[in-house]
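First comes the structure, then the notes that go with it.
None of the figures in this text is laboratory data; all of them are computed from the coordinates on show. Keep in mind that what you see is a predicted model, and the values were worked out from it rather than measured.
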Amino acid sequence: MNYSIALIPGDGIGPEVLAPARAVLDAAGTKYGHVFTYVELEAGGRAIDRAGEPLPKETLEAAKRCDAVLLGAVGGPKWETLPGHLRPERALLGLRASLGVFANLRPAALLPQLRAACPLKDEVLIASNPAGKPGFDLLIVRELTGGIYFGERGRSADGSSAFDTETYSRTEIERVLRIGYAAAAGRRQKLCVVDKANVLESSRLWRETAQALSGEYPDIETSYLYVDNAAMQLIRAPGQFDVIVTSNLFGDILSDEASALTGSIGMLASASVGIPPENGSAVMGLYEPIHGSAPDIAGKDAANPLAAILSTALMLRYSFGLETEAAAIEGAVSAVLDTGLRTSDIAVRSGTAAETITGTREMGEAVLKYL
Ligand code: NAD
């Protein structure tokens, strides 16, 4: 089969991590008989420098014509003083909204090879893990095109006060919950809705909507947590979670917290989809590592490319229904970690394991070797 992929490398480490990700996709294509055609597009800081805006119309139009979008990361200090609507990060919001990808799936699991890179003690990890081993395997489903990131905002005339607005409709909440339920059905049948319903009206609507919808999913155990408690529970007992569904803002924060438990933000991939990914049906999707452009390590061959590489596996699985190919990429990543090869962000803190510290390029080449 032929698939067209919009490639948006972006800024900072974005291009550095997308290069190995593309090479891995090509290798998977060669191995399994698929052709991936790339359309390279500009967004973020690069687009601001060239076209004066973070998300040029031609980028958006071209991206919409492709079967899926693979994005590196955008942003950096160079563009930090620009007004909000011209900042590189606006490209992300524009892309997500225009592509209609309202659900962001962020798997966070502790790989056994990276046990030592997780800051939690064995007893904490074991106590809450149904498998009785030090580990956890959860999926955060973050609402992506609503809430406070898209709400009305502004400043008073004298600039001394400012506001942002959290607005959600029942429809927006219900559709992302349905994606959460579909994911939970294929996992451990547990779904936790995270909100702040003790304080926020928008959260009360989240809870009411979830309570009404949960009746349609009797096989899934639905639970509820306030976000402050959820942040604590992630540290105290991460193994209790299967699927977490939450708002744009809470999902943004909780998924970074979860990433720290897996060892590094450089390990976490994400898929943003528009309709439930079921039975290999093709969905328009935007795939990206959850990390940003990491200006502190950009250009140093120090970025971990595994989150970007694992994002390609999610693309194959959710957009193209290529489960074998997706699993092959994930298997190759696991095999490389078995060898002890590590970028510095996932190097063991205790210094006891046999490890070789490497850079972005060599890590990408190692994955290719094991594919
Ligand atoms: P960041 O994710 O870029 O970096 C946070 C920390 O994690 C840094 O210490 C960085 O070195 C490290 N890190 C991130 N990715 C890594 C990787 N692959 N390998 C090793 N270490 C890695 O977050 P930030 O510093 O808050 O933001 C930097 C810029 O990125 C800002 O302009 C921000 O707005 C932007 N940003 C973009 C996205 C995106 O494009 N999706 C997401 C978050 C932040």
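What is the Cα centroid distance between segment 141-175 and segment 287-341, reported in whole angstrom?
31
When we measure straight from the Cα of residue 196, which lysines land under 24 angstrom away, once same-chain ones fewer than 8 places off are left out?
Answer for residue 196, where 24 Å is the Cα cut-off: none of the lysines qualify.
Find the relative contact order for the chain and round it to a whole percent, using C-alpha pairs within less than 8 Å whose residues are 6+ positions apart.
Numbers: 819 pairs, mean separation 79.0, N = 371.
This gives 21 percent for the chain.
In Å, what Kirkwood hydrodynamic radius results for the chain from the alpha-carbon pair distances?
Working: mean 1/r = 0.0475 Å⁻¹.
After inverting the mean inverse Cα-Cα distance, the result is 21.1 Å.
In 5 Å bins starting at zero, report the fraction of Cα pairs in segment 124-244 per bin as a rounded %.
2, 10, 18, 20, 18, 13, 8, 5, 3, 2, 1, 0
For segment 85-154, what's the relative contact order in percent, using C-alpha pairs closer than 8 Å and at least 6 residues apart?
Numbers: 65 pairs, mean separation 29.3, N = 70.
Contact order relative to length: 42 percent.
For segment 226-306, rounded, prolate or oblate, judged on the Cα gyration tensor with a ≥ b ≥ c (square roots of eigenvalues), a/c < 1.5 rounded, else prolate if a/b > b/c? The partial results should precede the final answer.
On the way: a/c = 2.01, a/b = 1.07, b/c = 1.89.
Judged from the Cα gyration tensor, segment 226-306 comes out oblate (a/c at least 1.5, b/c at or above a/b).
Going down the table (31/64; 133/369; 78/121; 57/78), which pairs top 32 Å between alpha carbons?
Values: 31/64 28 Å; 133/369 30 Å; 78/121 40 Å; 57/78 22 Å.
Among 31/64; 133/369; 78/121; 57/78, the Cα-Cα distance tops 32 Å for 78/121.
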